[in-house]
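A.B. asks: I'd like to ask some things about the structure below.
The values are calculated or read from the model by the stated rules, or taken from the named source; none is laboratory data. All figures in this text were calculated on a predicted structure; none of them were measured in a lab. As a convention, Cβ positions derive from the backbone with ideal geometry for all residues, glycine included, and neighbour counts pool all protein chains shown. Keep in mind that these areas ignore ligands, DNA and RNA; they rest on the heavy atoms of the full protein, side chains included. Shrake-Rupley method; radii C 1.70, N 1.55, O 1.52, S 1.80 Å.
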Amino acid sequence: MNLYKHTVQYYETDKMGIVHHSNYIRWMEEARIDFLDQIGWNYKALEDNGLISPVTSVDCKYVANTVFGDVISIEVSVEEFKGIKLKLRYVMKKGENVVTKAHSEHCFLNTEGKIINVKKEYPNFYETLAALEEA
């Protein structure tokens, strides 16, 4: 799996010249979309087929600052998945140094907004994610 890379933009920094904490959440989304593409499940195609996956929880532990021009690599992994709730882990690094450790949790909804069991409704997608779950 390739790491997602994000180059810090000037507008992402605050008055102190460091990245505003809210941007890490955006980067998680960018990395998550890239992760899905890499495993063969384009998010737009999933939506077009009636599956949406809202964020139900996010947590971040900020370890070190990042600034304009830094290249941040983001590793995404499946921490937990049983068919209804998906928990992803993110490790963001500047070079070899960890800058942020984070998680996001997601449920899965159909077009009517009802929670669905991916194992039953989208078995191929379920198998892909379940195979990536960390032991």
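A.B. asks: In the range 58-72, which residues are open to solvent by 70 Å² or more (accessible area, probe 1.4 Å) and hydroxyl-bearing (Ser, Thr, Tyr)?
C.D. replies: Passing the criteria: only 62.
A.B. asks: Which one of 75, 96 is touching a residue at least 60 places away in the same chain (Cβ under 8 Å), open to solvent by 70 Å² or more (accessible area, probe 1.4 Å), at negative phi and charged (D, E, K, R)?
C.D. replies: 75
A.B. asks: Ok, one more. Within the range 54-70, track down each residue that is more than 16 Å from residue 26 (Cβ to Cβ), aliphatic (A, V, I, L, M) and in a strand (DSSP E or B).
C.D. replies: Matches in the range 54-70: 67 only.
A.B. asks: Right, here's the next one. For residue 75, which of the numbered conditions (1) in contact with a Cys (Cβ under 9 Å, 6 or more places away or on another chain); (2) assigned to a strand (DSSP E or B) fails to hold?
C.D. replies: Tallying (1) in contact with a Cys (Cβ under 9 Å, 6 or more places away or on another chain); (2) assigned to a strand (DSSP E or B), residue 75 fails exactly one: (1).
A.B. asks: Among the residues of the range 110-128, is any surrounded by fewer than 19 Cβ atoms within 10 Å (Cβ to Cβ) and within 26 Å of residue 22 (Cα to Cα)?
C.D. replies: no
A.B. asks: If you go through the range 81-93, how many residues are among the hydrophobic types (A, V, I, L, M, F, W, C), surrounded by fewer than 18 Cβ atoms within 10 Å (Cβ to Cβ) and touching a residue at least 40 places away in the same chain (Cβ under 8 Å)?
C.D. replies: Selection size over the range 81-93: 0.
A.B. asks: Let me ask something additional. Within the range 27-53, restricting attention to residues that are part of a loop (DSSP other than H, G, I, E, B) and open to solvent by 50 Å² or more (accessible area, probe 1.4 Å), which residue is farthest from residue 94 (Cα to Cα)?
C.D. replies: Filtering first and then ranking leaves 49.
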